[in-house]
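S.K.: Below you will find the structure I want to go over with you.
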Protein chains: 2
Amino acid sequence: MIAADRVYAIIKQRILDGHYPAGSYVREATIGQELELSRTPIREALRRLVSDGWVEVIPHHGARVVSWTQRDVEEVFELRVLLEPQVVRRAATRIEASQLDSLGELACHMEQLCERGDNQAIDEIAGLNNRFHAELITAADSPRLQRLLEAIVQVPVSRRSFHHYSDEELRGSMRHHREIIRALAAGDGEWAASVMRAHILAARAAQMHPPARQTNEPRQQHA
Amino acid sequence: MIAADRVYAIIKQRILDGHYPAGSYVREATIGQELELSRTPIREALRRLVSDGWVEVIPHHGARVVSWTQRDVEEVFELRVLLEPQVVRRAATRIEASQLDSLGELACHMEQLCERGDNQAIDEIAGLNNRFHAELITAADSPRLQRLLEAIVQVPVSRRSFHHYSDEELRGSMRHHREIIRALAAGDGEWAASVMRAHILAARAAQMHPPARQTNEPRQQHA
DNA sequence: TAATCTAAAATGGTATACAACTCTTCTCGT
DNA sequence: ACGAGAAGAGTTGTATACCATTTTAGATTA
């Protein structure tokens, strides 16, 4: 792996773990000294981070880590509600049996973790959920659709997403996965798209919970 | 504006006007000499063009202008059918009177050109049509939606688009503009979205005409 | 003729030096 | 005291150089 790739990954990681807070500047010279590299590969990494939406460049002033407002989050959900159903709409007529099997295994694995319900399990579910969506995008076989989704679904949104879920919301999400698989197996794109739309809207509702909560205890379970 | 930005714009323009045909190579040294710049800003511009999908890099051989297949065109229309209606859906509740006036003037201007019907008029309509859509995107006030559309609606598709239209198709397109304006004035996002959807689907149908025709004579007018 | 070797050409990646720009701060004049 | 303007530090933007890698075409040779 070339230096610019490592720099890209390192900066991205530091943005995610809070080492570079939103609004702070990522200085080319500083990182260059830390990693014992010249500014050239750092610049290239930063440009890629810009085009991926992680940082923004103020000419002659520097690369600033983007700040996410509530409006940004809403904008992303609004677009996911359009694009993710299209993913399964396409996938329904293109997906192969082996891919359906993979999805089934992922869903199964997530359900098991869901039963455990501890914080680490929630984190693992998040990872598997990403793989679930990635598998769907592969099946959709539309490079542009994939690119658009990658451009907007950034981890600042999805990172802690499942920690916002109540138990009931989490179980509902698992049921969505199963129903999407059934719809795809039936080759019914509109069915799959409808479930996916509900899936995203449910995620938005969970995300919009008043102040972000770090517990997985429902606030009004069995209300 | 910094040099790399200019280079980016210049290369893009040359791809659009056919100076760099699809499949041809954009040489770093050549452009550098033309613009009296070093390879550094040219390289940066090319990287951006790659990530924006305008050119593709063949390792150690160069940056090649991408060729559009029929499949690419279909993929883009499929996404426009999703995204462009969303533009007017949002715009309906946000657009201001002055913007509606601008749209009205653009529509009026396009209709006049439509009556002329010669080739140059068709070209001018294409430019005005782009401004029409740009105005809508501005009114929609969603930077991400704008970015996604800019990422996929590349002019290789829309450049000669109206040359594919029959007279009737062209007039239908003008009527769509008017109806979109009416829907926006009424604040009815779903109405506007529906018309826009029809507008894009009509454009796709025109684009898909068997072999691309360079005349604006309808093939089966008043059939 | 055909296979192989060779050299030229182009990009890929990085480093370094210098130019240009921005923002801050300090001075100077009113 | 206060605002305009200039000097300075800090940061990014660009030029240039270097070598490695790869491709291509031409030359060579059996």
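S.K.: Under a point-charge model restricted to the Cβ atoms of Lys and Arg (+1) and Asp and Glu (-1), what is the dipole moment magnitude of region A:70-207 relative to its Cα centre, in debye to the nearest 20?
M.R.: Here the size comes out at about 340 debye.
S.K.: Using a/c under 1.5 as the rounded threshold, could you call the protein assembly as shown rounded, prolate or oblate? The axes a ≥ b ≥ c are square roots of the C-alpha gyration tensor eigenvalues, and prolate needs a/b larger than b/c, oblate otherwise.
M.R.: oblate
S.K.: Then there is this: Exactly which GluC sites (Glu not before Pro) in region B:11-99 are in a DSSP loop and have at most 14 other Cβ atoms within 10 Å?
M.R.: Within region B:11-99, the qualifying GluC sites (Glu not before Pro) (loop, at most 14 other Cβ atoms within 10 Å) are B:Glu36, B:Glu96.
S.K.: How do B:Ser102, A:Ser173, A:Ser67 rank by accessible surface area computed with a 1.4 Å probe, from largest to smallest?
M.R.: Correct descending sequence by accessible area is A:Ser67, B:Ser102, A:Ser173.
S.K.: Something else now. Using a label point 7 Å beyond Cα on the Cα-Cβ vector, give me the inter-copy distances for A:Val50 in nanometres, one decimal, shortest first.
M.R.: 1.7
S.K.: Keeping the other protein chains in place, figure out the carbon and sulfur percent of the accessible area of the protein assembly as shown, with a 1.4 Å probe.
M.R.: 49
S.K.: Ignoring ligands, DNA and RNA and using a 1.4 Å probe, state the total buried accessible area between B and A in Å², rounded to the nearest 100.
M.R.: Using a 1.4 Å probe, the pair buries roughly 2400 Å².
S.K.: Quick check: from the Cα gyration tensor, does region B:3-65 come out rounded (a/c under 1.5), prolate or oblate?
M.R.: Note, shape of region B:3-65 comes out rounded.
S.K.: Quote the charge dipole size of the protein assembly as shown about the Cα centre in Debye, to the nearest 20; the model charges only the Cβ of Lys and Arg (+1) and of Asp and Glu (-1).
M.R.: 540
S.K.: Can you list the distances in nanometres, one decimal and ascending, from the B:Asp167 label point to the identical position in each other copy, with the point 7 Å along Cα to Cβ?
M.R.: 7.2
S.K.: Once ligands and nucleic acids are excluded and a 1.4 Å probe is used, how much of B:Tyr165 is accessible, expressed in Å² to the nearest 10?
M.R.: About 20 Å², ignoring ligands and nucleic acids.
S.K.: Something else now. Would you be so kind as to identify which of B:Gln70, B:Ser98, B:Gly127 lies farthest towards the positive end of the dipole of region B:70-207, taking Lys and Arg as +1 and Asp and Glu as -1 on Cβ and the Cα centre as origin?
M.R.: Checked the options; the winner is B:Gln70.
S.K.: Compute the angle between helix A:143-152 and the longest alpha-carbon principal axis of chain A, please, reported from 0 to 90 degrees and rounded to the nearest 10.
M.R.: Tilt relative to chain A: about 70 degrees.
S.K.: Shortest first and in nm to one decimal, what separations exist between A:Arg14 and its copies in the other chains, measuring from label points 7 Å along the Cα-to-beta-carbon line?
M.R.: So the label point of A:Arg14 gives 3.7 nm to the other copies.
The values are calculated or read from the model by the stated rules, or taken from the named source; none is laboratory data. Just so you know, these numbers come straight off a predicted model, no measurement behind them. Ideal geometry is used to build each Cβ from the backbone, glycine not excepted, and the neighbour counts take in all protein chains shown. These area figures cover heavy atoms from the full protein model, side chains too; ligands, DNA and RNA do not enter into them. Shrake-Rupley method; radii C 1.70, N 1.55, O 1.52, S 1.80 Å.
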